[in-house]
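Here's the structure, in structure tokens; my notes come after.
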């Protein structure tokens, strides 16, 4: 990074000079960002005042430039957090329930700008939805929905390969399971048979 950019060596020195040495964070194992929804709104407000978001002709805010800068800054920030060593970093956000063009419901992260919402799943290791589960029989309960293929249609992803589709709503136990050994069932491979080869007639030409 250049010295005038965020996350450069000079910027790191400025932060340490303002807040203290990085050893101050040694006592923390887990960091919560609550919420990424609010963080995106603050970033958009900042982006609106930058030169990239100003129209050359009118001098007014160009929202296309503002949202482009918002996406760049949010992805850079999230990637920086994703590479934080020896820390668990949890990003908390809200879900919106919307309807697609065929009036089918779907859920999306409540966040400013389309770029961040689209690229976020490729950056983070886990995506969990804390939901109220209402079974056909028995009392409703709260749980984490953890895997992409789930019957509820909630956003979810498990890169660890250690989580069940639904896990108890206890974040401490969940983190222990993510760091724990892989179960035998988690490393099973899909078995399938290749289709039989279709015989073809060689093309001998005219």
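The values are calculated or read from the model by the stated rules, or taken from the named source; none is laboratory data. Since this is a predicted model, take the numbers as computed values, not measurements. Positions of Cβ are generated from backbone atoms using ideal geometry, with glycine treated the same way; all protein chains shown enter the neighbour counts.
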Out of 91, 163, sole residue that is in contact with a strand residue (DSSP E or B) (Cβ under 6 Å, 6 or more places away or on another chain) and either buried (at least 16 other Cβ atoms within 10 Å of the Cβ) or in contact (Cβ under 8 Å) with a residue 12 or more places away in the chain (or both):
91
Odd one out for residue 32, checked against (1) assigned to a helix (DSSP H, G or I); (2) in contact (Cβ under 8 Å) with a residue 60 or more places away in the chain
(1)
For residue 49, are the conditions met, namely being free of Cβ contacts under 8 Å to residues at least 60 places away in the same chain and either surrounded by 17 or more Cβ atoms within 10 Å (Cβ to Cβ) or over 25 Å from residue 118 (Cα atoms) (or both)?
no
In the range 94-124, residue farthest from the chain's Cα centre (by Cα) [restricted to those that are surrounded by 11 or more Cβ atoms within 10 Å (Cβ to Cβ) and in a strand (DSSP E or B)]:
106
Tell me whether the range 38-55 contains one or more residues that are under 30 Å from residue 176 (Cβ atoms) and either out of contact with any helix residue (DSSP H, G or I) (no Cβ under 8 Å at 6 or more places or on another chain) or part of a helix (DSSP H, G or I) (or both).
yes
Would you pick out the residues in the range 64-74 that are surrounded by fewer than 18 Cβ atoms within 10 Å (Cβ to Cβ) and either without any contact (Cβ under 8 Å) to a residue 12 or more places away in the chain or closer than 18 Å to residue 5 by Cα (or both)?
64, 68, 72
Looking at the range 135-150 only, could you name the residues that are over 17 Å from the mean Cα position of the chain (by Cα) and modelled with pLDDT of 90 or more?
139, 140, 141, 142, 143, 150
Restricted to the range 79-91 and to residues being touching a helix residue (DSSP H, G or I) at 6+ places or on another chain (Cβ under 7 Å) and assigned to a strand (DSSP E or B), the residue nearest to residue 179 (Cα to Cα) is 88
Could we say that residue 127 is in contact with a strand residue (DSSP E or B) (Cβ under 7 Å, 6 or more places away or on another chain), surrounded by 13 or more Cβ atoms within 10 Å (Cβ to Cβ), without any contact (Cβ under 8 Å) to a residue 60 or more places away in the chain and under 30 Å from residue 77 (Cβ atoms) here?
yes
Within the bounds of the range 138-146, is there any residue that is surrounded by 14 or more Cβ atoms within 10 Å (Cβ to Cβ), assigned to a strand (DSSP E or B) and touching a helix residue (DSSP H, G or I) at 6+ places or on another chain (Cβ under 7 Å)?
yes
